[in-house]
Amino acid sequence: MEKRGFRRGRWCRPGIAWCGLAVGWLAAMTAWPALAGAVAPQVALSDGIVAGRADGAGGAVFKGIPFAAPPVGELRWRAPQPVTPWQGVRQALQPPAPCAQNDYQWNTDRAVRSAEDCLYINVHTPSLHPRAPMPVLVWIHGGANRAGSGGDLGTDSLARQGIVVVSLQYRLGVLGFLSLPALSAEQGGHSGNYGLMDQLAALAWVQREIARFGGDPRRVTIAGQSAGAMDAGLLALNAGRRQLFAGVWATGGTPGFGEAPRSLAQNEALGTQMLHRLAIDDLAALRRAPLASLLAVDLKLHDDALTDDSYLWLQAVVDGEAVTRTPAASLAEVPATAVPYVLSTNRIELQVPGGPAQVVRRLGQAFGAHAEEAARYYGVAQGTARPSPDPRDGSVVERIGTDIDFRCAANTVAARYAAHGAPAWRAQFASEIDGKPSHHSAELPYLFDGAPLQAAVPGVSLQAYFVNFIKTGDPNGAGLPAWPRFTPGEGRYVELGPDGVHAGTHLGGPVCDWLDGV
């Protein structure tokens, strides 16, 4: 039978007025999927409706969704408070302002846009209506807990692989981690770690809302780099919070960041130092103080326990609320049922905080009775550091900084975490796109953009392991070289470098046995 349609010479002939209308109507119906794709995707949340944008691949991106009330005015230095619901449709199209921060040169673009009103979350979902709920990645950005933003990563590559990608923001520096005796008195005997509380509030939001974006709240992996890795590790060590996530991937940071923990009293003394510098003596006045004044004084605070104040907010603070015990004490009691934990570091991370002038002091702090032995191991003599003979490991100052604060610290954390059978994996990343030795943050494009390892087998990438871990809680998968679980005795790990993936044991060698930092 001949198929009829709206064609001239058949039903549609010149002179028939409705003919053009019918053709136009049919064209509109034929184009309906394209028109529908142009409609902004919307999601009805507990607090109101948000509208995002289509990503061009069947998914949707939402930026700047509030997960807590703006921490300004009377809410400065308080636990995050609930969002005020809104009416109508809230546009979630623009990246939120980064949390208030100073300009440290590497973060200039974020510093100029930063603000106190910053507790927002970004979501990239592959599908708002998937056949089955999808695994979720929640990213905690780095920046020494004093800079950075939740909009610093690309999400397209991971979303294309069926992962809902979430990035959060949290208060930084003095606004996020300051303690004061008056604050502790006001808040039930504890203060500080407001940035960690923000992260917990964001994770609670994910549990409550992520199913509306197609995500599975039972399969949430938290991950972070540098200070973000530190914070993720601190969250992992509190058993009462593990219901918020099912796995942890930490790269370039540990719960203690290789530094001795700070007590609440010590953190309160740091806050009191700020009051003296500002010549302010009460909380009400402090909460009214101009943001610029707070940021300026943040640059002047000093801690005698550190070799450089750039690490000021990288000491774990045992405030009694967000962090109730030291990382070492928590690691001593990790059960076999703890969530899977991956710890990855770069072959070169960062130099000793404070540079060559602080090498001898840092060796004494970290190695204690083994300080002289460590100095001989590194070739340090009379307060100076000789260049490393192996350019892949960087200078001696970089090697010592990497060992103390990253490589050996991650080994210790992995060994203690896995001591009673908890699943843990250890990796060293040693490849860069430009062929130079790896460095702090070098792994990020490999995680998020899927950059291949140089000269490696196609399909073998850091991201492939990352995706498997997010989906299953185990980085291993078909077509990938085996990545054995970490065992305290052997210290198994894999190195991912320009010549592929290779398994090894006892990363860092004997010097790591002399260290006890986490």
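If the condition is being exposed (fewer than 14 other Cβ atoms within 10 Å of the Cβ) and part of a loop (DSSP other than H, G, I, E, B), then the range 276-297 contributes Ala279, Asp281, Asp282, Pro290.
Scan the range 52-85 residue by residue and report those that are among the aliphatic types (A, V, I, L, M) and loosely packed, with under 14 Cβ neighbours inside 10 Å. Hit for the range 52-85 is Ala57, nothing else. When the residues of the range 461-501 are filtered to those that are aliphatic (A, V, I, L, M) and touching a strand residue (DSSP E or B) at 6+ places or on another chain (Cβ under 6 Å), which remaining residue is nearest to Arg426 (Cα to Cα)? Applying the filter and picking the extreme gives Val494. The set of residues in the range 408-422 that are within 27 Å of Pro498 (Cα to Cα) and either without any contact (Cβ under 8 Å) to a residue 60 or more places away in the chain or in contact with a strand residue (DSSP E or B) (Cβ under 8 Å, 6 or more places away or on another chain) (or both) comprises Ala410, Asn411, Val413, Ala414.
Of all the criteria given as (1) surrounded by fewer than 21 Cβ atoms within 10 Å (Cβ to Cβ); (2) closer than 23 Å to Gly224 by Cα; (3) in contact with a Gly (Cβ under 7 Å, 6 or more places away or on another chain), the one not satisfied by Arg325 is (3).
Scanning the range 47-69 for residues being in a loop (DSSP other than H, G, I, E, B) and closer than 15 Å to Trp205 by Cα gives a total of 5.
Scanning the range 474-487 for residues that are in contact (Cβ under 8 Å) with a residue 24 or more places away in the chain and buried (at least 16 other Cβ atoms within 10 Å of the Cβ) gives Asp474, Pro475, Trp483, Arg485, Phe486. The number of residues in the range 439-468 that are closer than 19 Å to Leu153 by Cα, part of a loop (DSSP other than H, G, I, E, B) and among the small types (Gly, Ala, Ser) comes to 5.
In the range 99-120, of all residues being out of contact with any Lys or Arg (no Cβ under 6 Å at 6 or more places or on another chain) and in a strand (DSSP E or B), the one that is nearest to Ala202 (Cα to Cα) corresponds to Tyr120.
Which one is surrounded by the fewest Cβ atoms within 10 Å (Cβ to Cβ) among residues in the range 86-113 that are touching a residue at least 24 places away in the same chain (Cβ under 8 Å) and among the polar types (S, T, N, Q)? In this case the residue turns out to be Gln87. Checking each residue in the range 492-504 for being farther than 24 Å from Ser157 by Cβ and buried (at least 19 other Cβ atoms within 10 Å of the Cβ) picks out Arg492, Tyr493. Number of residues in the range 298-313 that are farther than 23 Å from Glu186 by Cα and either outside any loop (DSSP other than H, G, I, E, B) or within 21 Å of the chain's Cα centre (by Cα) (or both): the value is 4. Taking the criterion of being surrounded by 24 or more Cβ atoms within 10 Å (Cβ to Cβ) and within 27 Å of Pro475 (Cα to Cα), the residues of the range 184-202 that qualify are Leu196, Gln199, Ala202.
Residues are listed down the side, and each one gets a yes or a no for (1) touching a helix residue (DSSP H, G or I) at 6+ places or on another chain (Cβ under 7 Å); (2) at pLDDT 95 or above; (3) among the aliphatic types (A, V, I, L, M):
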site: Leu158; (1), (2), (3): yes, yes, yes
site: Ser167; (1), (2), (3): no, yes, no
site: Arg171; (1), (2), (3): yes, yes, no
site: Gly176; (1), (2), (3): yes, yes, no
site: Ser184; (1), (2), (3): yes, yes, no
site: Gly192; (1), (2), (3): yes, yes, no
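The residue pairs whose first member lies in the range 163-180 and is in contact (Cβ under 8 Å) with a residue 24 or more places away in the chain, whose second member is in a loop (DSSP other than H, G, I, E, B) and among the hydroxyl-bearing types (Ser, Thr, Tyr), and whose beta carbons are closer than 8 Å, counting only pairs six or more residues apart or on different chains, are Val165/Thr155; Ser167/Thr155; Gln169/Ser149; Gly176/Tyr170; Leu178/Ser191; Ser179/Ser191; Leu180/Ser191.
Figure legend. Inter-residue proximity from the range 314-328: first residues within 17 Å of Ala232 (Cβ to Cβ), second residues in a loop (DSSP other than H, G, I, E, B) and among the acidic types (Asp, Glu), beta-carbon distance below 6 Å, spacing 6+ or different chains. Indicated pairs: Gln315/Glu259. Number of residues in the range 236-267 that are buried (at least 23 other Cβ atoms within 10 Å of the Cβ), out of contact with any Gly (no Cβ under 8 Å at 6 or more places or on another chain) and in a helix (DSSP H, G or I) equals 1.
Under the condition of being out of contact with any helix residue (DSSP H, G or I) (no Cβ under 9 Å at 6 or more places or on another chain) and either part of a loop (DSSP other than H, G, I, E, B) or not β-branched (Val, Ile, Thr) (or both), the residues counted in the range 498-508 number 6. Taking the criterion of being hydroxyl-bearing (Ser, Thr, Tyr) and either in contact with a Phe, Trp or Tyr (Cβ under 6 Å, 6 or more places away or on another chain) or without any contact (Cβ under 8 Å) to a residue 24 or more places away in the chain (or both), the only residue of the range 427-445 that qualifies is Ser438.
Among residues of the range 208-227 that are farther than 30 Å from Gly258 by Cβ and modelled with pLDDT of 95 or more, those with a Cβ under 8 angstrom from a residue that is among the polar types (S, T, N, Q) and surrounded by fewer than 23 Cβ atoms within 10 Å (Cβ to Cβ), sequence gap 6+ or separate chain, pair up as Arg208/Ser46; Glu209/Ser46; Gly214/Ser127; Pro217/Gln207.
The values are calculated or read from the model by the stated rules, or taken from the named source; none is laboratory data. This one's a predicted model, so the numbers in the text were calculated from it and none came from an experiment. Using ideal geometry, Cβ is built from the backbone for each residue, glycine included, and neighbour counts are taken over all protein chains shown.
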